[in-house]
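Asks: So that we are looking at the same thing, I have put the structure below in structure tokens.
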Amino acid sequence: MLAPGLRVVFCGINPGRVSAAARAHFANPRNDFWRLLHAARFTSRLYEPAEQFELLKEGVGVTNAAYRTTPGSGDLRRGDFVGAAKRLEGIARELRPGWIGFVGKEAYRGAFGERPELGVQERTLGETRLFVLPSTSPANAAVPWWERLRWFLELAARAYGLPPRQGVRALVLDSRDNVLLVRFEDELGSWWSTPGGGVDAGESDADALARELAEEVGLRGFELGPLLWTREHWLVNPKRWGGQRERHYLVRTEPFEPAPAFSDAQLAAEGVTGARWFAVDELASVTTGPRQLAGLVRELLQNGPPPVPVDAGV
């Protein structure tokens, strides 16, 4: 399922029995491959395995490192991968995809005989870059959805050639140690985040936060506190920008009712659908950015601002 000039060719390890019977890649309904493709915006809609050839219109192809059908990847032998590296080199040379994304470390190791880390690889095949993703198999279900999605998002952003933007956010705490969060929503779901956004060219972090806090929650005239955390992540919409490098500052305030300066239409255009205060104990029960927000806030309240900014993760 290949064509010249594709944005990404995804390389699975080998067909399982369900895929072989369906004559379609990643056909096990418990496999998250097709859902992750759509969530990372590789595809304009959610495809079914039987529609796999439609992926070519989206600039995406699929192949396997090994061809023999097995009950599981653990049943493969070294001989099943003979010629895999040479075949992938031929794909890169003749069809020139921008990227080959290996769906699981074992697909890469089977082809090249070395154990990779997730993400961009130093090895290239001509001008084709290589990227290793987590396995989407149900056997890898212990790895959370958001952890797998973040790697698909990074590959999508890199494949679209979009650089990350600079961003700032504020941990807004009131006098009762409640946290003010903004709710974002798109067609794939919703999540809560500390308020903030992108830094315009020539704009300081303080000016950017003053603008964003007024627009999103109506907070003005605050005193900007210390830099607490940094965070680099790949966003849910890599067609707009590739990712965001954020700096999170502390802002202390008295309780207030959020009253955004933005109109409802402007907020909707930004994907903002609401804002409210959360007690720290509530944070673990909602999807937030950063994912470890509850623990980060508890650490701050217990020990105060860190002497140097902490990497907040994704």
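The values are calculated or read from the model by the stated rules, or taken from the named source; none is laboratory data. Here the structure is a predicted model, which is why all the values come from computation and not from measurement. Cβ atoms come from the backbone with ideal geometry, glycine included; neighbour counts cover every protein chain shown.
Asks: Just wondering, is there one or more residues in region 121-129 that are part of a strand (DSSP E or B), modelled with pLDDT of 95 or more, of a type outside the set (A, V, I, L, M, F, W, C) and in contact with a Gly (Cβ under 8 Å, 6 or more places away or on another chain)? Give the steps one after another, and end with the answer.
Replies: Applying the first criterion (part of a strand (DSSP E or B)) to region 121-129 yields 121-125, 128-129.
Still in the running and modelled with pLDDT of 95 or more: 121-125, 128-129.
Adding the requirement that they be of a type outside the set (A, V, I, L, M, F, W, C) leaves 121-124, 128-129.
Now drop any that are not in contact with a Gly (Cβ under 8 Å, 6 or more places away or on another chain), which leaves 128-129.
Checked region 121-129: at least one residue is part of a strand (DSSP E or B), modelled with pLDDT of 95 or more, of a type outside the set (A, V, I, L, M, F, W, C) and in contact with a Gly (Cβ under 8 Å, 6 or more places away or on another chain).
Asks: Looking at Pro226, Pro238, which one is of a type outside the set (Phe, Trp, Tyr), at pLDDT 90 or above and not assigned by TED's automatic domain parsing to the domain that holds Trp145? Can you show your working first?
Replies: Numbers: Pro238 fails: at pLDDT 90 or above.
Being of a type outside the set (Phe, Trp, Tyr), at pLDDT 90 or above and not assigned by TED's automatic domain parsing to the domain that holds Trp145 holds for just one of Pro226, Pro238, which is Pro226.
Asks: Just checking, how many residues over region 28-42 are crowded, with 20+ Cβ neighbours inside 10 Å and either at negative phi or not assigned by TED's automatic domain parsing to the domain that holds Leu149 (or both)?
Replies: If we filter region 28-42 for residues that are crowded, with 20+ Cβ neighbours inside 10 Å, which is where we start, we get 31-34, 36-37, 39-42.
Restricting the remaining residues to those that are either at negative phi or not assigned by TED's automatic domain parsing to the domain that holds Leu149 (or both) gives 31-34, 36-37, 39-40, 42.
Residues in region 28-42 being crowded, with 20+ Cβ neighbours inside 10 Å and either at negative phi or not assigned by TED's automatic domain parsing to the domain that holds Leu149 (or both): 9 in total.
Asks: Of everything in region 176-215 that's among the charged types (D, E, K, R) and part of a strand (DSSP E or B), which residue is nearest to Ala259 (Cα to Cα)? Break it down stepwise before answering.
Replies: Keep residues of region 176-215 that are among the charged types (D, E, K, R), which gives 176-177, 183, 185-187, 200, 203, 205, 207, 211-212, 215.
From the residues that got through so far, the ones that are part of a strand (DSSP E or B) too are 183, 185-186.
Values: Arg183: 14, Glu185: 19, Asp186: 22 Å.
Per the stated criteria, the residue is Arg183.
Asks: Give the residue, chosen from Ala170, Ala201, Ala214, that is modelled with pLDDT under 95 and farther than 30 Å from Leu46 by Cβ.
Replies: Numbers: Ala170 fails: modelled with pLDDT under 95; Ala214 fails: modelled with pLDDT under 95.
That would be Ala201, the only listed residue that is modelled with pLDDT under 95 and farther than 30 Å from Leu46 by Cβ.
Asks: Okay, moving on. Might you check whether a residue that is crowded, with 20+ Cβ neighbours inside 10 Å and assigned to a helix (DSSP H, G or I) occurs anywhere in region 217-225? If you could, list the steps in order and put the result at the bottom.
Replies: So the first thing to find is which residues in region 217-225 are crowded, with 20+ Cβ neighbours inside 10 Å, and the list is 217, 219.
Checking which are assigned to a helix (DSSP H, G or I) leaves us with 217.
Yes; the residues of region 217-225 include at least one that is crowded, with 20+ Cβ neighbours inside 10 Å and assigned to a helix (DSSP H, G or I).
Asks: Mind listing just one residue for me: the one in region 135-173 that is β-branched (Val, Ile, Thr) and buried (at least 18 other Cβ atoms within 10 Å of the Cβ) and, of those, nearest to Asn31 (Cα to Cα)? If you could, list the steps in order and put the result at the bottom.
Replies: Keep residues of region 135-173 that are β-branched (Val, Ile, Thr), which gives 136, 143, 168, 172.
Going one step further and asking which of them are buried (at least 18 other Cβ atoms within 10 Å of the Cβ), we end up with 136, 168, 172.
Values: Thr136: 6, Val168: 36, Val172: 39 Å.
Ranking the candidates gives Thr136 first.
Asks: Okay, moving on. In region 34-58, how many are free of Cβ contacts under 8 Å to residues at least 60 places away in the same chain and part of a loop (DSSP other than H, G, I, E, B)? Show your work before the answer.
Replies: Applying the first criterion (free of Cβ contacts under 8 Å to residues at least 60 places away in the same chain) to region 34-58 yields 34-35, 43-58.
Add one more test, that the residue is part of a loop (DSSP other than H, G, I, E, B), and what stays is 43-48.
Qualifying residue count, region 34-58: 6.
Asks: Same structure again: Pro306 - would you say it is exposed (fewer than 15 other Cβ atoms within 10 Å of the Cβ), modelled with pLDDT of 95 or more, assigned by TED's automatic domain parsing to the domain that holds Val182 and not in a strand (DSSP E or B)? Before the answer, list the steps.
Replies: Working: exposed (fewer than 15 other Cβ atoms within 10 Å of the Cβ): yes; modelled with pLDDT of 95 or more: yes; assigned by TED's automatic domain parsing to the domain that holds Val182: yes; not in a strand (DSSP E or B): yes.
The answer is yes for Pro306.
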